[in-house]
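The structure under discussion appears below in the form of structure tokens.
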Amino acid sequence: MELTPWAYALSESLLSEPLPRRWAHSLGVAQRARLLRPILGDDAGLLEAAAVLHDIGYAPSIATTGFHPLDGARFLRHRQNADERLTSLVAHHSCALLEAEEHGLRHDLETEFPLEHPGLRDALIFCDMTTTPDGKRTAPAARLEEIVQRYGPDTIVGRFIQRATPELRAAVTRIERRTAETASSGQPM
């Protein structure tokens, strides 16, 4: 099976019933990824697959550490024999290294999964930070505020998001710039 249809089927099987809101978010993130095809060239399918799979580590059937990027990436690598670039994008989505510090898992994440190309990491951040928990489009500032409100400012996720906000916003800005440049030149960057 091709990468993207396989990714949708796997994500749906893990998220749609136990976590329907997380599934809706994943579908929305993947939809945003499809809109970035003009700037991604040959990596467009890889990004869309990573987008729909990025939160599978929340699935009760595979969650082991309580840190969803690591749980999802380990599942993809060890149980699905997934492509290394895909597992790395899932492992490192949305500044996961900073959250890994909060969980005491930074060393595990860094040693098990290499960082993928910065442009693809930025693109996945863009997709995640412009999608609500229900899969709708939103502004990055509203998304970041919503995360802190939902989890609380003094929780692991709240502290992480507050620390990561400058880089998350910068990544979104870089993708918006690439999109504008590609639109004016007509060439993927």
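General observations
- Residues of the stretch 124-181 classified as without any contact (Cβ under 8 Å) to a residue 12 or more places away in the chain, in a loop (DSSP other than H, G, I, E, B) and either in contact with a Lys or Arg (Cβ under 8 Å, 6 or more places away or on another chain) or acidic (Asp, Glu) (or both), total: 2
- Selection from the stretch 78-121 of residues that are part of a helix (DSSP H, G or I), buried (at least 21 other Cβ atoms within 10 Å of the Cβ) and of a type in the set (Asp, Glu): Glu99
- Test: residue in the stretch 3-19 that is farther than 25 Å from Ile147 by Cα, charged (D, E, K, R), out of contact with any Asp or Glu (no Cβ under 9 Å at 6 or more places or on another chain) and surrounded by fewer than 24 Cβ atoms within 10 Å (Cβ to Cβ): no
- Selected residue (only one of Arg32, Arg77, Arg37 is under 15 Å from Met129 (Cα atoms) and not hydrophobic (A, V, I, L, M, F, W, C)): Arg32
- Every residue from the stretch 40-56 that is under 14 Å from Asp128 (Cα atoms), part of a helix (DSSP H, G or I) and of a type in the set (Asp, Glu): Glu48
For every residue, the table says whether it meets (1) free of Cβ contacts under 8 Å to residues at least 60 places away in the same chain; (2) within 13 Å of Arg22 (Cβ to Cβ); (3) β-branched (Val, Ile, Thr).
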position: Ala50; (1), (2), (3): no, no, no
position: Thr64; (1), (2), (3): yes, no, yes
position: Asn81; (1), (2), (3): yes, no, no
position: Glu84; (1), (2), (3): yes, no, no
position: Ala91; (1), (2), (3): yes, no, no
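- Hey, Ser11 closer than 13 Å to Cys127 by Cβ, of a type in the set (S, T, N, Q) and either part of a helix (DSSP H, G or I) or touching a Leu at 6+ places or on another chain (Cβ under 7 Å) (or both) or not: no
Just so you know, all these numbers are worked out from the coordinates, no wet-lab data involved. Source: prediction; values computed, not measured. Note that each Cβ is placed from the backbone with ideal geometry, even for glycine, and that neighbours are counted across all protein chains shown.
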